[in-house]
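Below: one structure, written as structure tokens.
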Amino acid sequence: MITFAVVQFPGSNCDQDCLRALRGIGGAGAEYVWHKEKSLDGFDAIVLPGGFSYGDYLRCGAVARFSPIMRAVVKGAAAGKLVIGICNGFQILCEAGLLPGALVRNRSERFVCDLVTTRVEGAPSPFTGGLHEGTLLQLPIAHGEGSFFADAETLKSLNANRQVLLRYCDKRGGITAAANPNGSLENIAGICNQERNVLGLMPHPDRACDPRLGSGDGEKIFRSMMNAIAADRVQAA
């Protein structure tokens with residue numbers, strides 16, 4: 001069994017989506033962890049779900065970054081544990097310094113809710129294992145501040161290290177302005193850290209784990225994480 005910790009902050013509203021999605025995957029277990037807890041021992045991977053942590057006061061994710069549980073998240077990431085931040089979770093990871101850049105107001109200045117196409121990019125990672133570069137994933141988005149921004153030097157580093165794992169694209173895989181739902185630089189939808197064990201993405205894989213909801217592609221990301229964790233267990237045995 002691969003166990004996921006789903007961190008709950010005041011204002012989280014996609015924690016239930018994450019828990020249900022993960023528990024629906026064979027071989028996966030998931031439990032809520034309240035933001036005031038100080039340990040994530042016993043969990044194989046960490047999920048920071050979407051929502052409006054602390055009501056998005058100050059900036060999205062700015063207050064959640066100081067929750068007690070974040071010390072354990074930082075510690076786990078430093079130890080190589082897999083961490084995935086979805087939507088508001090991505091914003092929290094950036095605020096905590098676990099990922100570079102920032103998520104700013106959508107170019108349209110409106111909340112965007114839609115099913116988008118993303119293209120798998122970058123070097124192999126625990127989150128995209130088994131997915132060839134260029135694989136298209138249909139994933140839903142729902143955010144008002146999802147436009148990825150970074151200075152020129154950071155953007156250059158992300159590309160040089162192949163840390164961009166997902167880009168918004170059209171249905172044929174073309175990276176076009178029309179396929180960019182929020183104005184993210186270079187159509188960036190998801191990035192990882194240099195060690196490749198922390199992923200932040202604005203699209204919701206948790207809402208794409210059942211074809212009846214429009215797509216089952218999100219499960220591929222979670223299964224990739226599970227396969228990577230299982231492989232590490234075998235190697236360590």
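Comparing Pro203, Pro211, Pro68, which has the greatest mean-square fluctuation in the GNM of the chain with Cα pairs linked when under 10 Å apart?
Pro211
Give me Tyr54, Tyr168 sorted ascending by neighbouring Cβ count inside 10 Å, so fewest comes first.
On the way: Tyr54 21, Tyr168 27.
Going from sparsest to densest Cβ surroundings: Tyr54, Tyr168.
Please give me, ordered by residue number, the GluC sites (Glu not before Pro) of segment 129-237 that lie in loop per DSSP and have at most 15 other Cβ atoms within 10 Å.
Details: sites: Glu133, Glu145, Glu153, Glu186, Glu195, Glu219; in loops: Glu133, Glu145, Glu195.
Filter output for segment 129-237: Glu133, Glu195.
For the residues Ile46, Ile221, Ile25, what sequence is obtained by ranking on other C-beta atoms within 10 Å, fewest first? Before the final figure, lay out each step's value.
Values: Ile46 23, Ile221 29, Ile25 16.
The most exposed by this proxy come first: Ile25, Ile46, Ile221.
Amide H to amide H under 5 Å from Gln8: which residues, 5+ apart in sequence or cross-chain, H placed 1.01 Å off N in plane?
So Gln8 has HN proximity to Val33, Trp34, His35.
Sort Phe4, Phe66, Phe43, Phe149 so the one with the fewest other Cβ atoms within 10 Å of its own Cβ comes first.
Details: Phe4 26, Phe66 12, Phe43 21, Phe149 16.
Lowest count first: Phe66, Phe149, Phe43, Phe4.
Antiparallel DSSP bridges in the chain: what percent, to the nearest 5?
Details: 23 of 41 bridges.
Given both bridge residues lie in the chain, the antiparallel proportion sits at roughly 55 percent.
As a check on your grasp of the helix formula, calculate [θ] at 222 nm for the chain: sum -39500 (n - 2.57) over DSSP H runs of n ≥ 4, divide by the residue count, round to the nearest 500. Walk me through the numbers on the way to the answer.
Details: 5 runs with 55 residues, N = 237.
Helix contribution divided over all residues of the chain: -7000 deg cm²/dmol.
Taking the square root of 5 times each eigenvalue of the Cα gyration tensor, what semi-axes in Å does the equivalent ellipsoid of the chain have, largest first? Before the final figure, lay out the partial values.
Working: eigenvalues 113, 84, 63 Å².
For the chain, the semi-axes come out at 24, 21, 18 Å.
Using the structure shown, list the pairs from Lys38/Lys81; Lys38/Lys156; Lys156/Lys220 with a Cα-Cα distance above 24 Å, or answer none. Before the final figure, lay out each step's value.
On the way: Lys38/Lys81 16 Å; Lys38/Lys156 35 Å; Lys156/Lys220 28 Å.
Beyond 24 Å: Lys38/Lys156; Lys156/Lys220.
Which distance in Å, rounded to a whole number, links the C-alpha centroids of segment 185-224 and segment 35-89?
About 17 Å separates the Cα centre of segment 185-224 from the one of segment 35-89.
Just so you know, all these numbers are worked out from the coordinates, no wet-lab data involved. For clarity, every value in this text was computed on a predicted model and none was experimentally measured. All Cβ positions, glycine included, derive from the backbone under ideal geometry; neighbour counts span all protein chains shown.
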